[in-house]
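To start, the structure under review is shown below, and the notes come after it.
The values are calculated or read from the model by the stated rules, or taken from the named source; none is laboratory data. Treat the numbers as computed from the prediction; the structure is a model and nothing was measured. Here the Cβ positions follow ideal geometry from the backbone for every residue, glycine too, while neighbour counts run over all protein chains shown.
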Amino acid sequence: MKHKIIFILIFIGFNTLATPDSTIDFKASINSEEKIAEGIYRITHKAPRLLFSATRSWKGLNKRAESLCGRKDYLLIDKKQIIVGYITEISQEEFLVEAHAICDPNKISESDAKNIIDKFYSPPITIDEETVKNCVDGHISTKELAHEETLKLLKIERYSEARQCLENIISVNDNSQINKLAYFQLGFMYEIGRGIEPNQEKSLMYYQFSN
């Protein structure tokens, strides 16, 4: 009995040390599902960098898809893994993994499902093409605006333009929060090969600059 009590106290102490400060008012991890149409769901998982694991997140998404669909032969489409923001309270980037689940691919084709999904989301993401062009060309008047459009580019998978824009944002090294985010996003793109050949050396370099 004595050994059990000691073990429990050690376990509680370890988890207290390993858990972020509970006084910080933020949702550490957010899971959500949204029904798009009969047999089609949008499933997401958001978490700060400290708690994020791509493998664990995708495993969780698959489990939730199976639960929602009530079957194992569902199909996940439109899979995304991106940085969507910054949690200032804990100085952590916020990651998002997202996918749409087609419960019965034999009943609803992938192309039909995508048309249904496109119609469901209104209005679509609006891109300021002039700002994007200026950002890609290196003519950045406002970093905040340029970075805002870059996030939209990442969401709609225009990765080449997003990368060029991020590289131009960091070309003016002012140690701003925008720069740190841009460095981190470039590191992430090079790490997983998002619209570019994976390059672990460049990824590590950008990650280091983001600190």
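Annotations for the structure displayed:
- For the condition surrounded by 15 or more Cβ atoms within 10 Å (Cβ to Cβ), closer than 19 Å to residue 43 by Cβ and either aromatic (Phe, Trp, Tyr) or in contact with a helix residue (DSSP H, G or I) (Cβ under 7 Å, 6 or more places away or on another chain) (or both), residue 83 qualifies.
- Residue 131 of a type in the set (Val, Ile, Thr) and touching a Cys at 6+ places or on another chain (Cβ under 6 Å): no
- Yes/no for residue 144 being exposed (fewer than 14 other Cβ atoms within 10 Å of the Cβ) and within 22 Å of residue 96 (Cβ to Cβ): yes
- Boolean, residue 161 is outside any loop (DSSP other than H, G, I, E, B), assigned by TED's automatic domain parsing to the domain that holds residue 37 and either touching a residue at least 24 places away in the same chain (Cβ under 8 Å) or touching a Lys or Arg at 6+ places or on another chain (Cβ under 9 Å) (or both): no
- In this structure, residue 141 does not satisfy being at pLDDT 90 or above and among the hydroxyl-bearing types (Ser, Thr, Tyr).
- Residue match in the stretch 105-122 (condition: of a type outside the set (A, V, I, L, M) and in a strand (DSSP E or B)): no
- Failed condition for residue 46, given (1) buried (at least 17 other Cβ atoms within 10 Å of the Cβ); (2) modelled with pLDDT of 90 or more; (3) within 13 Å of the chain's Cα centre (by Cα): (2)
- Among the conditions (1) at pLDDT 90 or above; (2) among the charged types (D, E, K, R); (3) surrounded by 18 or more Cβ atoms within 10 Å (Cβ to Cβ), residue 128 misses just one, which is (3).
- Qualifying residue in the stretch 193-201 (condition: within 17 Å of residue 85 (Cβ to Cβ) and in contact with an Asp or Glu (Cβ under 8 Å, 6 or more places away or on another chain)): no
- Residue within the stretch 107-116 that is touching a residue at least 12 places away in the same chain (Cβ under 8 Å), closer than 19 Å to residue 157 by Cβ, among the hydrophobic types (A, V, I, L, M, F, W, C) and surrounded by fewer than 15 Cβ atoms within 10 Å (Cβ to Cβ) present: no
- Close pairs (8 angstrom Cβ cut-off, 6 or more residues apart or separate chains): assigned by TED's automatic domain parsing to the domain that holds residue 149 in the stretch 185-211, crowded, with 16+ Cβ neighbours inside 10 Å and part of a loop (DSSP other than H, G, I, E, B) anywhere: 187/210; 188/194
- Just one of (1) at pLDDT 75 or above; (2) within 30 Å of residue 180 (Cα to Cα) fails for residue 24. It is (1).
- Residue in the stretch 148-158 that is of a type in the set (A, V, I, L, M), over 17 Å from residue 84 (Cα atoms) and not assigned by TED's automatic domain parsing to the domain that holds residue 93 present: no
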